[in-house]
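The numbers here are math on the coordinates, done by the rules we state, and not lab data. Here the structure is a predicted model, which is why all the values come from computation and not from measurement. Heads up, the Cβs are rebuilt from the backbone with ideal geometry, glycines too, and the neighbour counts pull from every protein chain shown.
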Amino acid sequence: MNILDDIYSCVLEGRRNEVEILVKQALEENVSATDIIEKALRPAMDEVGLRFSRAEFFLPDLILAAETTKRAVAYLRPLLGEKGVTSRQETVVIGTVQGDLHDIGKNLVIATLEGTGYRVVDLGVDVAPERFVEAVRMHKPAVVGFSALLSTTMVNIPRTIDALREAGLREEVLIAVGGAPVTQRNADEWQADIYAPDAGTAARVITERLAAWQKDQEVL
């Protein structure tokens, strides 16, 4: 087993107190920071998401893996300059929609996204459509995520999408939606780009859809 395999296993097992030692060892063996991220940390978080979706991993496993990866990323960040943990370093703006004060699911999604290497702007809870519009203008994210836990508040997801459309920003971003009452059918009706059924799979489905979107943009 090589050092990248060791880091991969460390994340899967949530050994957060050991990961910095392994990352330091990898750097001493002349493994690049980018390779550590792309060949160990990111694949490990993808595997965590898959195991979570198959009920092989549970919330404690997800949280420990995300925290382990965040520690590794934090250790590597100074070596990668201002652009962040990867050369492309996408930004994700995320918030719980207006009227909804729940944030547990949102915070888990943030943990997995940051653990996978994204820069996340957390708008918090009870976020009005206008604040999402302002955040998109300010941060220029690749993805905007809307979370809702209640069926009575998820109606504000399409309202927020409409606000982005009216502001001329809809085509500038991918929209991801999720939360307990939200279904794939809802996502389709709202013309969202990404449906994340749970926190464990959010980073993986966002990464997959974003990669396809960026490839399409290059063709255009």
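Here are a few things to note about the model shown:
- Look at where the Cα atoms of region 108-126 and of region 161-220 average out, and the two centres are 15 Å apart.
- Computed on region 91-219, with alpha-carbon pairs under 8 angstrom and 6+ residues apart, the relative contact order is 27 percent.
- Inter-label distance for Leu101 and Arg165, nm, one decimal - labels placed 7 Å from Cα along Cα-to-Cβ: 3.2 nm
- Peptide packing for 107-115, 163-171, 123-131 was compared via the average number of neighbouring C-beta atoms within 10 Å per residue; ordered from the highest value, the list is 107-115, 123-131, 163-171.
- Couplings for region 33-41, taken from phi via the Karplus curve 6.51 cos²θ - 1.76 cosθ + 1.60 with θ = phi - 60°, read 4, 5, 5, 4, 6, 6, 10, 10, 5 Hz in order; Gly and Pro are left as x.
- Under Karplus coefficients 6.51, -1.76 and 1.60, residue-wise ³J(HN,Hα) of region 43-50 in Hz, glycine/proline x: x, 5, 5, 4, 5, 4, x, 5
- Helix 156-166 vs. the chain, principal-axis angle (Cα, 0 to 90°, nearest 10): 80 degrees
- Cα-based helix-to-principal-axis angle, 199-219 vs the chain, degrees rounded to 10: 80 degrees
- Taken about its Cα centre, the chain carries a charge dipole of about 200 debye when Lys and Arg each add +1 at the Cβ and Asp and Glu each add -1 at the Cβ.
- Simple label model, 7 Å out from Cα along Cβ direction - Ser151 to Lys24, nm: 5.4 nm
- Cα gyration tensor shape for region 95-206, rounded if a/c is under 1.5, else prolate or oblate: rounded
- Ranked packing of 144-150, 116-122, 178-184, 49-55, most packed first, by mean Cβ within 10 Å: 144-150, 116-122, 178-184, 49-55
- Sequence-ordered 3J(HN,Hα) estimates for region 90-106 from the Karplus curve with 6.51, -1.76 and 1.60 and θ = phi - 60° stand at 5, 9, 10, 9, 9, x, 8, 5, 3, x, 10, 9, 8, 9, 4, x, 4 Hz, glycine and proline given as x.
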